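The values are calculated or read from the model by the stated rules, or taken from the named source; none is laboratory data. Given the structure is predicted, the values throughout are model-derived calculations rather than measurements. Neighbour counts run over all protein chains shown; Cβ positions are idealised from the backbone, glycine included.
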């Protein structure tokens, strides 16, 4: 069944339900995946998935869901069940009708047709990263390259009918030495030509070689230099906390903080829906409102929450174009650059740590921003402005609000970060945070 037939079935059935509001977002995604281990490619796969996210509103009641079985009977049965669920749901006093179109969308991207099914370039990048990792000290390399092409079509009850498309390329590489030390490198871009597989391989191999024979680190508080990979993990949760839905549900450390100081004066941070050369580019949100650049933190001051049409009506502001199917969320986080080099950041630390990667970030109290994370791969002690020795077996437990207020510097250079630990793309500098608590991992 082609896409037009699927859309027609959905629209005809929804129209018969006599909803006050509805929207459906069809997404079609083609993914090429290469996995490699032991220095060679061992998996080459491609998949294509189609799904439809559906929103229904009736008598101030709402329901949403996703349908994956796209034969006519399955679609009709699913919509009947979703409509019944909507009728059985409690009334929402904040109910707001979907925005009315048409809108004008700013398009600043170009989808290069040559990137589609460009297997030769993908293989070249993978082999390049492996070779450079081995050249810089690794004995064994593994990782993945994912190239994803997404197309979406949005139709709403208020006259919006729009489509958009994007491409994301992600290279992740881990390198190991014979002594089992490890290093991580990555590169991500909307253009496969901008993937820096050489730098990703060099980082992974060099970090692995430099972290041979790690020692234990004494628990305590340290000034820590976080590379962009780790800093991005922090900043993605800053974006999540800025969602008005997170604030209203009691899960945000930014509640009641608008126009208050929440970070170092050096930090500015925005959500950008359609960044030039960005990782995940959207020209409209899931309600059809044009996406935009929204300043969340401006020189240390919290200036805006992220809104959809419902939360914007509740707060008496305009939608920021951040609607998901039910709640606002961030698209891409753009973190301001600083005025120091990475080398100057390193030399500024007398007693501290360099953290290059982290896994297993978990929140103990989202409203307080209290979390813990486990540094992985290469970690180092910094003494008198220089790397002195590798370490292992540590855990960081801290509060993001405290960390934001104790940012000591941001680097001049920034890097796009997006991988399984950083699901929201972040354009991040490296950062130095003062007095970070460190314990031994168990």
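Within 21 Å of the chain's Cα centre (by Cα) and modelled with pLDDT of 95 or more - does that describe any residue in the stretch 201-216? Within the stretch 201-216 (the criterion being within 21 Å of the chain's Cα centre (by Cα) and modelled with pLDDT of 95 or more), the answer is no, since none of the residues qualifies. When residue 118 is tested against the conditions (1) over 23 Å from residue 328 (Cα atoms); (2) at pLDDT below 90; (3) not assigned by TED's automatic domain parsing to the domain that holds residue 192, the lone failure is (3).
Entry remark, the stretch 242-256: residues being in contact with a helix residue (DSSP H, G or I) (Cβ under 9 Å, 6 or more places away or on another chain), in contact (Cβ under 8 Å) with a residue 12 or more places away in the chain and either over 15 Å from residue 329 (Cα atoms) or assigned to a loop (DSSP other than H, G, I, E, B) (or both) number 5 in total. Residues that are free of Cβ contacts under 8 Å to residues at least 60 places away in the same chain and assigned to a loop (DSSP other than H, G, I, E, B) were ranked within the stretch 309-323; the one that is surrounded by the most Cβ atoms within 10 Å (Cβ to Cβ) is 321. Among the strands (runs of 3 or more DSSP E) confined to the stretch 1-120, the ones with at least 2 residues that are touching a strand residue (DSSP E or B) at 6+ places or on another chain (Cβ under 7 Å) and over 28 Å from residue 327 (Cα atoms) are located at 21-37, 40-58.
Among the numbered conditions (1) surrounded by fewer than 16 Cβ atoms within 10 Å (Cβ to Cβ); (2) part of a helix (DSSP H, G or I); (3) in contact with a strand residue (DSSP E or B) (Cβ under 6 Å, 6 or more places away or on another chain), the only one that residue 343 does not meet is (3). Within the stretch 287-296, identify whether any single residue is closer than 23 Å to residue 260 by Cβ, in a loop (DSSP other than H, G, I, E, B), touching a helix residue (DSSP H, G or I) at 6+ places or on another chain (Cβ under 9 Å) and not assigned by TED's automatic domain parsing to the domain that holds residue 187, and answer yes or no. Within the stretch 287-296, none of the residues are closer than 23 Å to residue 260 by Cβ, in a loop (DSSP other than H, G, I, E, B), touching a helix residue (DSSP H, G or I) at 6+ places or on another chain (Cβ under 9 Å) and not assigned by TED's automatic domain parsing to the domain that holds residue 187.
Quick one: in the stretch 131-154, of everything that is in a helix (DSSP H, G or I) and within 28 Å of the chain's Cα centre (by Cα), which residue is surrounded by the fewest Cβ atoms within 10 Å (Cβ to Cβ)?
Looking at the filtered set, the residue picked out is 132.
Applying the criterion of being touching a residue at least 40 places away in the same chain (Cβ under 8 Å) and surrounded by fewer than 16 Cβ atoms within 10 Å (Cβ to Cβ) to the residues of the stretch 351-362, the residue that is farthest from residue 288 (Cα to Cα) is 351.
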